[in-house]
Amino acid sequence: QGETPPAVPGGEPEDATEWRAGPFLWASLGRLAYLGEAGVRRTPQGGQLVAYHELTLLALRGLEVGATYEFMDRDIDRADEDVLHRAGVSVELFALPMTELHLLVRRYLARADRPEDGQDEVVLFLHVFL
(Lines give C-alpha, C1' and ligand atoms only; values in the text may rest on other atoms or scores of the structure.)
Protein backbone atom coordinates (compact mmCIF):
# COMPACT_ATOMS: atom_id res chain seq x y z
CA GLN A 1 0.00 0.00 0.00
CA GLY A 2 1.23 3.44 -0.93
CA GLU A 3 4.49 2.15 -2.41
CA THR A 4 6.02 4.05 -5.29
CA PRO A 5 6.90 1.80 -8.22
CA PRO A 6 10.61 1.65 -9.04
CA ALA A 7 11.89 4.11 -11.61
CA VAL A 8 12.08 2.87 -15.18
CA PRO A 9 15.72 2.43 -16.27
CA GLY A 10 16.63 5.32 -18.54
CA GLY A 11 13.37 7.09 -17.66
CA GLU A 12 12.92 10.58 -16.37
CA PRO A 13 13.50 11.34 -12.70
CA GLU A 14 10.32 11.31 -10.62
CA ASP A 15 10.76 14.95 -9.61
CA ALA A 16 10.98 16.19 -13.22
CA THR A 17 8.61 19.06 -13.92
CA GLU A 18 7.15 19.09 -17.39
CA TRP A 19 4.46 20.92 -19.29
CA ARG A 20 2.63 20.06 -22.48
CA ALA A 21 0.59 22.32 -24.74
CA GLY A 22 -0.65 22.38 -28.28
CA PRO A 23 -3.36 23.59 -30.65
CA PHE A 24 -5.83 21.49 -32.62
CA LEU A 25 -7.57 22.63 -35.83
CA TRP A 26 -10.29 21.04 -37.92
CA ALA A 27 -11.85 22.64 -41.00
CA SER A 28 -13.96 21.44 -43.88
CA LEU A 29 -15.04 22.77 -47.23
CA GLY A 30 -17.50 20.62 -49.12
CA ARG A 31 -15.94 17.18 -49.53
CA LEU A 32 -12.51 18.30 -48.24
CA ALA A 33 -11.52 18.14 -44.59
CA TYR A 34 -8.32 19.28 -42.88
CA LEU A 35 -7.09 18.17 -39.48
CA GLY A 36 -4.05 19.75 -37.87
CA GLU A 37 -2.48 19.23 -34.49
CA ALA A 38 0.73 20.34 -32.80
CA GLY A 39 2.26 19.73 -29.42
CA VAL A 40 5.19 20.88 -27.32
CA ARG A 41 6.60 18.95 -24.38
CA ARG A 42 9.11 20.64 -22.09
CA THR A 43 11.16 19.13 -19.25
CA PRO A 44 14.31 20.34 -17.49
CA GLN A 45 16.26 17.97 -19.76
CA GLY A 46 14.94 19.53 -23.01
CA GLY A 47 11.89 19.69 -25.20
CA GLN A 48 10.08 18.06 -28.08
CA LEU A 49 7.87 19.45 -30.83
CA VAL A 50 5.41 17.36 -32.87
CA ALA A 51 2.93 18.27 -35.62
CA TYR A 52 0.39 16.28 -37.63
CA HIS A 53 -1.52 17.36 -40.74
CA GLU A 54 -4.16 15.42 -42.63
CA LEU A 55 -6.17 16.38 -45.72
CA THR A 56 -9.00 14.05 -46.77
CA LEU A 57 -11.46 13.98 -49.63
CA LEU A 58 -14.81 12.21 -49.51
CA ALA A 59 -14.50 10.54 -52.92
CA LEU A 60 -17.88 8.81 -52.73
CA ARG A 61 -20.26 7.88 -50.02
CA GLY A 62 -18.36 5.49 -47.73
CA LEU A 63 -14.92 6.11 -49.29
CA GLU A 64 -12.38 8.71 -48.16
CA VAL A 65 -8.88 9.22 -49.54
CA GLY A 66 -6.28 11.38 -47.90
CA ALA A 67 -2.72 12.50 -47.38
CA THR A 68 -0.81 12.95 -44.13
CA TYR A 69 2.35 14.75 -43.03
CA GLU A 70 4.01 14.27 -39.64
CA PHE A 71 6.89 16.18 -38.08
CA MET A 72 8.76 15.46 -34.88
CA ASP A 73 11.74 17.26 -33.42
CA ARG A 74 12.89 14.99 -30.61
CA ASP A 75 15.13 17.67 -29.09
CA ILE A 76 14.23 21.28 -29.90
CA ASP A 77 17.37 22.54 -28.18
CA ARG A 78 19.62 20.99 -30.85
CA ALA A 79 19.71 22.25 -34.43
CA ASP A 80 18.00 19.85 -36.92
CA GLU A 81 19.99 16.82 -35.75
CA ASP A 82 17.04 14.75 -34.59
CA VAL A 83 14.10 15.79 -36.78
CA LEU A 84 11.76 13.25 -38.33
CA HIS A 85 9.50 13.86 -41.34
CA ARG A 86 6.93 11.29 -42.43
CA ALA A 87 4.40 11.49 -45.29
CA GLY A 88 1.57 9.13 -46.09
CA VAL A 89 -1.54 8.35 -48.09
CA SER A 90 -4.67 6.74 -46.74
CA VAL A 91 -7.89 5.09 -47.87
CA GLU A 92 -10.83 4.70 -45.50
CA LEU A 93 -13.71 2.42 -46.43
CA PHE A 94 -17.02 2.43 -44.56
CA ALA A 95 -18.59 -0.55 -46.38
CA LEU A 96 -20.72 -1.86 -43.51
CA PRO A 97 -22.62 0.02 -40.82
CA MET A 98 -20.55 0.63 -37.67
CA THR A 99 -17.26 -0.51 -39.28
CA GLU A 100 -14.29 1.20 -40.88
CA LEU A 101 -11.38 -0.30 -42.77
CA HIS A 102 -8.46 2.15 -42.88
CA LEU A 103 -5.32 1.53 -44.97
CA LEU A 104 -2.37 3.85 -44.35
CA VAL A 105 0.93 3.82 -46.25
CA ARG A 106 3.65 6.04 -44.78
CA ARG A 107 7.22 6.84 -45.77
CA TYR A 108 9.99 8.18 -43.57
CA LEU A 109 11.56 10.93 -45.65
CA ALA A 110 15.22 10.29 -46.34
CA ARG A 111 18.19 11.60 -44.40
CA ALA A 112 21.43 9.77 -45.09
CA ASP A 113 22.44 9.29 -41.44
CA ARG A 114 19.17 7.76 -40.14
CA PRO A 115 18.54 4.03 -40.70
CA GLU A 116 14.74 4.39 -40.39
CA ASP A 117 14.55 6.98 -43.16
CA GLY A 118 13.54 5.89 -46.61
CA GLN A 119 11.50 3.03 -45.16
CA ASP A 120 7.85 2.44 -45.92
CA GLU A 121 5.21 1.46 -43.41
CA VAL A 122 1.87 -0.15 -44.24
CA VAL A 123 -0.81 -0.14 -41.54
CA LEU A 124 -4.29 -1.61 -41.76
CA PHE A 125 -6.89 -0.73 -39.11
CA LEU A 126 -10.28 -2.33 -38.60
CA HIS A 127 -12.49 -0.17 -36.42
CA VAL A 128 -15.72 -1.66 -35.10
CA PHE A 129 -18.01 0.86 -33.40
CA LEU A 130 -20.24 -0.62 -30.71
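The values are calculated or read from the model by the stated rules, or taken from the named source; none is laboratory data. It should be emphasised that the depicted structure is a prediction, and the values quoted were computed from it without experimental measurement. In this analysis, Cβ positions are derived from the backbone assuming ideal geometry, glycine residues included, and neighbour counts consider all displayed protein chains. All accessible areas refer to the heavy atoms of the entire protein, side chains included, with ligands and DNA or RNA removed. Shrake-Rupley method; radii C 1.70, N 1.55, O 1.52, S 1.80 Å.
Annotations for the structure displayed:
- Flag if VAL122 is surrounded by 15 or more Cβ atoms within 10 Å (Cβ to Cβ), on the phi < 0 side of the Ramachandran plot and part of a strand (DSSP E or B): no
- Qualifying positions in the range 5-28 - open to solvent by less than 100 Å² (accessible area, probe 1.4 Å) and either assigned to a loop (DSSP other than H, G, I, E, B) or at pLDDT below 75 (or both): PRO5, ALA7, GLY10, GLY11, GLU12, PRO13, ALA16, GLU18, GLY22, PRO23
- Condition check for ARG86: among the charged types (D, E, K, R), out of contact with any Ser or Thr (no Cβ under 7 Å at 6 or more places or on another chain), free of Cβ contacts under 8 Å to residues at least 60 places away in the same chain and open to solvent by 40 Å² or more (accessible area, probe 1.4 Å): no
- For GLN119: the one exception among (1) in contact with a strand residue (DSSP E or B) (Cβ under 6 Å, 6 or more places away or on another chain); (2) modelled with pLDDT of 95 or more: (2)
- Yes/no for LEU104 being in contact with a strand residue (DSSP E or B) (Cβ under 8 Å, 6 or more places away or on another chain), modelled with pLDDT of 85 or more and open to solvent by 90 Å² or more (accessible area, probe 1.4 Å): no
For (1) of a type in the set (Asp, Glu); (2) at pLDDT 95 or above; (3) open to solvent by 70 Å² or more (accessible area, probe 1.4 Å), each residue gets a yes or a no:
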| position | (1), (2), (3) |
| --- | --- |
| GLY30 | no, yes, yes |
| LEU35 | no, yes, no |
| GLN45 | no, no, yes |
| LEU55 | no, yes, yes |
| LEU60 | no, yes, yes |
| ILE76 | no, no, no |
